[in-house]
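Notes to accompany the following structure.
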Amino acid sequence: MYRYDSYDQSIVDARVEEFRDQVQRRLAGQLTEDQFKPLRLMNGLYLQLHAYMLRVAIPYGTLNARQMRKLGEIARKYDKGYGHFTTRTNLQYNWIKLADAPDILAELATVEMHAIQTSGNCIRNISSDQYAGVAADEVADPRPWAELLRQWSTFHPEFTYLPRKFKICVIASEEDRAAMRLHDIGLKLVQRDGRIGAEVYAGGGMGRTPMVGPLIKDFVPEDEIVSYLEACLRVYNRYGRRDNKFKARIKILVHELGVEEYKRQVEEEFAHMRTLGLNPPTEELDRIRPYFANPAYEQGLSDEIDRSDPAFALWVDRQVAAHKQPGYAIVNISLKPRGGIPGDASAEQIELVADLAERYSIDELRVTHAQNLVLPHVKKADLYAIWQKLDEAGLAEANLDLIGDIIACPGLDYCSLANARSIPLAQKLSDRFGSPERQKELGELKLKISGCINACGHHHAGHIGILGVDRKGVENFQLLLGGSGAQDASLGQITGPGFSEDGVVDAIEKVTNVYLAEREEGERFLDTYRRLGMKPFKEAIYG
Amino acid sequence: MVEFLTFREGEAAQEPAVTVESFTGQSNSTAVRIEAGEDARELLPYLDRLSLVEVNFPAFGDGRGYSAARILREAGYQGELRAVGDVLVDQLVAMRRCGFDSFRPDKALDDAAVERALNRYADVYQKTVDGRSPVWAKRHPENVNG
């Protein structure tokens with residue numbers, strides 16, 4: 001994986017000192033909270049309901065054991081012993097003291113990490129495919145481009161005060177594991193005539209006006225991606241709406257202008273941009289690429305797995321994915337224990353996963369947008385030992401992409417924007433539906449919960465989605481069906497009037513019963529919904 | 001405290017800036033003021049005659065002026081480019097990088113804070129209009145394009 005050189009390190013170190021200076025000015029009363037707010041937000045520090053929350057960037061979801069261990073150490077030393085992995089593949093600490101924040105950033109900088117642009121109306125952490133580099137179906141590992149874009153977007157002087165936040169995703173496979181088309185800009189690397197380039201999708205997103213991003217360019221050569229993005233961003237920065245926070249994302253601009261007109265303006269700007277020499281030379285991509293080269297895999301390993309322990313076999317069937325290298329496997333670690341808080345990990349669990357990555361996964365791990373972890377390079381012969389250690393630590397849940405693998409935002413338990421509590425609902429749902437038998441019977445079923453319209457819990461993209469709203473001072477939950485964040489991206493539709501917390505759990509029971517009664521051979525919940533439409537589900541719920 | 005900050009040699013332009021509308025409508029004026037939301041490209045036919053362009057920041061979070069500045073510099077504008085309005089010390093570096101070379105903030109800035117801010121980052125990742133060499137050019141001195 002990528003390692004900083006002295007330039008990268010000096011920029012991150014300078015940011016730590018700048019933020020230390022800003023915090024000192026705040027603590028000394030030289031800055032009011034109003035003046036300090038935009039400064040701390042640029043560095044991922046939010047004032048939440050009970051304390052400060054610090055969001056640490058995990059660029060394209062990749063990290064090594066040393067970095068993971070540091071995250072555990074910070075959780076123990078500065079938080080209440082927990083970290084929370086988010087749908088942006090970042091890590092949040094929910095119990096941070098303002099005075100400690102500069103020291104935490106200094107500690108992160110020692111392991112080449114930071115919190116730069118994890119909030120604010122700027123280009124956020126670049127996301128990617130958690131199977132990058134190990135998936136058999138990719139045209140190239142997308143992470144060298146993601147790293148190139150991380151650097152390009154860091155302190156970009158023109159695009160630091162955009163109308164609204166801006167999220168970019170880079171993938172390189174047909175199968176979309178990263179919800180690429182629900183980003184402000186999604187790049188899908190493709191190969192054409194032996195050259196790599198990107199398909200560009202713009203104007204996707206969730207929030208209160210969800211959109212699946214349309215294709216705006218079918219091929220941008222790899223060495224012009226930076227100038228093309230500058231063109232996309234400049235049109236947005238100049239013409240994106242600034243009169244209404246809720247209409248400020250690029251999706252609204254693309255929608256209001258129309259895709260063709262937005263494309264035309266971008267093309268015009270791109271024709272100008274490409275004359276300015278803004279693209280790093282190909283030598284820069286060549287410099288970055290070897291950091292993501294295949295590790296030294298052992299050759300001639302067996303693909304046999306001893307499945308004599310049934311609990312282990314169950315876990316293998318659910319959590320282990322095919323690796324491109326014979327004898328190796330990809331291990332998904334569920335952060336969704338039954339009745340637990342989705343995405344939460346204790347300091348001890350974080351450190352255990354760091355140890356496993358170091359010992360069994362060539363010192364590498366990944367974070368997924370579904371708030372789980374991945375060990376990308378595991379020998380099949382080591383699977384049983386890994387499973388035993390995970391099981392001891394409460395991390396051996398076998399529910400990847402099943403109903404218990406719930407995505408949930410922090411909700412009203414932590415977040416000052418939330419209207420409703422997501423976590424207790426997630427816990428109730430996993431209690432109700434989370435038995436191994438029931439989950440297996442229901443098959444792939446992506447359940448996603450947001451505690452407010454901002455949709456951090458990706459409810460629009462859930463096969464079943466839940467949106468918490470405030471109805472006259474009472475928490476109320478709307479139910480959505482039929483969303484997907486994958487290559488068949490679609491937006492969920494609201495079933496009808498909302499429910500109480502218990503009511504929505506009952507409604508989901510009715511919905512899944514319709515599925516079990518009506519499904520045809522091989523159909524997932526989503527397939528049955530798409531075939532039948534809303535009607536039978538609605539009748540079952542409200543009839 | 002700093003009420004006016006300039007990085008240009010010689011006297012700052014003194015002529016009062018007129019609106020874009022009155023500038024393009026008449027005039028022999030040599031100073032113009034762009035409000036957020038106005039199109040800097042309207043000025044491109046007149047760059048030779050301009051000695052001052054003021055770009056107003058109604059609120060520090062309104063970033064349209066950064067694009068306006070860069071567009072003017074990319075088109076070859078050599079005159080004074082002044083950021084006015086809600087200009088804070090923490091925005092100076094980005095503004096410099098987009099081509100601003102003078103500043104008249106609504107609220108005066110602290111000298112020491114300005115000094116610290118301007119000297120904090122030795123390296124930058126992007127090529128812009130300020131002539132600074134981005135990190136990728138330093139990494140590949142033999143092979144930079146443009």
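The values are calculated or read from the model by the stated rules, or taken from the named source; none is laboratory data. Since the model is a prediction, treat every value here as computed from it, not as a measurement. When we count neighbours, we look across all protein chains shown, and the Cβ atoms used for this are built from the backbone with ideal geometry, even at glycine.
Restricting attention to region B:33-77 and to residues that are among the aromatic types (Phe, Trp, Tyr) and surrounded by 19 or more Cβ atoms within 10 Å (Cβ to Cβ), the residue that is farthest from the other protein chains (Cβ to nearest Cβ) turns out to be B:Tyr77.
Can you spot a residue in region A:142-161 that is among the small types (Gly, Ala, Ser), buried (at least 22 other Cβ atoms within 10 Å of the Cβ) and either in the same structural domain as A:Phe19 (by TED's automatic domain parsing) or under 16 Å from A:Tyr2 (Cα atoms) (or both)?
Scanning region A:142-161 turns up at least one residue that is among the small types (Gly, Ala, Ser), buried (at least 22 other Cβ atoms within 10 Å of the Cβ) and either in the same structural domain as A:Phe19 (by TED's automatic domain parsing) or under 16 Å from A:Tyr2 (Cα atoms) (or both).
The set of residues in region A:1-42 that are surrounded by 17 or more Cβ atoms within 10 Å (Cβ to Cβ), in contact with a helix residue (DSSP H, G or I) (Cβ under 8 Å, 6 or more places away or on another chain), within 11 Å of chain B (Cβ to nearest Cβ) and assigned to a loop (DSSP other than H, G, I, E, B) contains only A:Leu31. Here A:Ala75 does not qualify as in a helix (DSSP H, G or I), modelled with pLDDT of 95 or more and within 11 Å of chain B (Cβ to nearest Cβ).
Selection of region A:500-521 for residues being surrounded by fewer than 20 Cβ atoms within 10 Å (Cβ to Cβ) and either under 27 Å from A:Leu182 (Cα atoms) or not assigned by TED's automatic domain parsing to the domain that holds A:Leu412 (or both) yields only A:Val505. Taken as a whole, the structure leaves A:Gln130 outside the set of residues that are in contact with a Ser or Thr (Cβ under 7 Å, 6 or more places away or on another chain) and assigned to a strand (DSSP E or B). Selection of helices (runs of 4 or more DSSP H) fully inside region A:237-290 by the criterion of at least 2 residues being within 13 Å of chain B (Cβ to nearest Cβ) and modelled with pLDDT of 95 or more returns A:259-273, A:282-288. Among the residues of region A:189-232, the ones that are buried (at least 24 other Cβ atoms within 10 Å of the Cβ), closer than 26 Å to A:Gln493 by Cβ and out of contact with any Lys or Arg (no Cβ under 8 Å at 6 or more places or on another chain) come to 2 in all. Here is the figure for region A:328-343: residues that are in contact with a Phe, Trp or Tyr (Cβ under 8 Å, 6 or more places away or on another chain) and within 21 Å of A:Ala296 (Cα to Cα) total 2. Set side by side, the residues B:Leu43, B:Leu81 differ, and just one is closer than 27 Å to B:Val20 by Cα, under 16 Å from the mean Cα position of the chain (by Cα) and part of a helix (DSSP H, G or I), which is B:Leu43.
Checked against (1) part of a loop (DSSP other than H, G, I, E, B); (2) within 10 Å of chain A (Cβ to nearest Cβ); (3) crowded, with 20+ Cβ neighbours inside 10 Å, B:Ala117 passes all but condition (1). Going by what's in this entry, would B:Thr6 be described as surrounded by 14 or more Cβ atoms within 10 Å (Cβ to Cβ) and modelled with pLDDT under 95? Here the answer is no, as B:Thr6 does not meet what is asked.
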